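Asker: I'd like to ask you about the structure that follows.
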Amino acid sequence: MKCPFCGHLGDKVVDSRESKEGEAIRRRRECLGCGRRFTSYERIDEIPYMVVKKDGSRERFERQKLIAGLLKACEKRPVSVSALEAVADRIEAALQDRPEKEIATAEIGQSVMQELKRLDKVAYVRFASVYRHFRDINEFMTELKDLLNAKE
């Protein structure tokens with residue numbers, strides 16, 4: 001940290017406190033060159049994760065949208081909210097582990113389907129029917145047959 005008074009690069013931290021909202025850390029510093037004190041603030045600079053939609057538009061990744069889709073797929077199914085939160089946690093963690101800050105909705109959808117396939121087969125079929133836009137009953141039946149064959 002450069003001293004605002006003398007420009008010296010050496011200092012020591014005298015006191016650190018978190019802001020009321022927890023968004024920043026206030027540090028009281030003392031310059032090792034001139035001995036004067038000054039305050040610095042550290043903030044986490046979050047770069048939002050962007051979702052690239054089918055039409056090419058981009059919007060911020062919103063965990064609530066992911067959970068809403070999971071809740072809809074698992075409606076009236078014996079799946080706990082904590083299990084859905086865990087799915088959302090895993091998908092969000094995978095997103096954060098990526099070096100890129102953008103992800104296609106198709107990739108998120110595939111991740112959701114893999115998670116739902118393990119969690120609840122009916123919820124998986126519900127989600128897949130909306131996500132994949134089955135055009136007719138034959139496509140739907142093919143998916144069901146694949147699901148049943150995978151079980152055996």
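The values are calculated or read from the model by the stated rules, or taken from the named source; none is laboratory data. Here the structure is a predicted model, which is why all the values come from computation and not from measurement. Note that we place each Cβ from the backbone using ideal geometry, even for glycine, and neighbour counts take in every protein chain shown.
Asker: Please verify whether segment 107-114 includes one or more residues that are in a loop (DSSP other than H, G, I, E, B), crowded, with 16+ Cβ neighbours inside 10 Å and assigned by TED's automatic domain parsing to the domain that holds Arg63.
Answerer: no
Asker: Could we say that Asp97 is over 24 Å from Phe61 (Cα atoms) and either charged (D, E, K, R) or modelled with pLDDT of 90 or more (or both) here?
Answerer: Here the answer is no, as Asp97 does not meet what is asked.
Asker: Filtering segment 7-43 down to residues that are touching a strand residue (DSSP E or B) at 6+ places or on another chain (Cβ under 8 Å) and in a loop (DSSP other than H, G, I, E, B), which residue is farthest from Ile91 (Cα to Cα)?
Answerer: Ranking the qualifying residues of segment 7-43, first place goes to Arg36.
Asker: A further question on this structure: Could you please let me know if Ala93 is of a type outside the set (Asp, Glu), part of a helix (DSSP H, G or I), surrounded by 11 or more Cβ atoms within 10 Å (Cβ to Cβ) and out of contact with any strand residue (DSSP E or B) (no Cβ under 6 Å at 6 or more places or on another chain)? It would help to see each step written out before you state the result.
Answerer: On the way: of a type outside the set (Asp, Glu): yes; part of a helix (DSSP H, G or I): yes; surrounded by 11 or more Cβ atoms within 10 Å (Cβ to Cβ): no; out of contact with any strand residue (DSSP E or B) (no Cβ under 6 Å at 6 or more places or on another chain): yes.
No: the conditions fail for Ala93.
Asker: All but one of (1) over 30 Å from the mean Cα position of the chain (by Cα); (2) in a helix (DSSP H, G or I) hold for Lys65; state the number of the condition that does not hold.
Answerer: (1)
Asker: Turning to a different aspect of this structure: From the list Lys54, Lys2, Lys76, pick out the single residue that is more than 30 Å from Arg126 (Cβ to Cβ) and assigned to a loop (DSSP other than H, G, I, E, B).
Answerer: Exactly one residue qualifies, and that residue is Lys2.
Matching residues to (1) without any contact (Cβ under 8 Å) to a residue 12 or more places away in the chain; (2) in contact with a helix residue (DSSP H, G or I) (Cβ under 6 Å, 6 or more places away or on another chain):
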position: Arg26; (1), (2): no, no
position: Leu32; (1), (2): no, no
position: Phe38; (1), (2): no, no
position: Glu42; (1), (2): no, no
position: Ile47; (1), (2): no, no
position: Glu62; (1), (2): yes, no
position: Leu71; (1), (2): no, no
position: Arg77; (1), (2): no, yes
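So that you can scan it fast, the table gives a plain yes or no per residue for (1) in contact with a Gly (Cβ under 8 Å, 6 or more places away or on another chain); (2) modelled with pLDDT of 95 or more; (3) surrounded by 10 or more Cβ atoms within 10 Å (Cβ to Cβ):
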position	(1), (2), (3)
Lys20	no, no, no
Arg26	no, no, yes
Leu32	yes, yes, yes
Glu42	no, no, yes
Gly56	no, no, no
Arg60	no, no, no
Gln64	no, no, no
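Asker: Please verify whether segment 92-100 includes one or more residues that are within 18 Å of Val51 (Cβ to Cβ), of a type in the set (Gly, Ala, Ser) and in contact (Cβ under 8 Å) with a residue 24 or more places away in the chain.
Answerer: no
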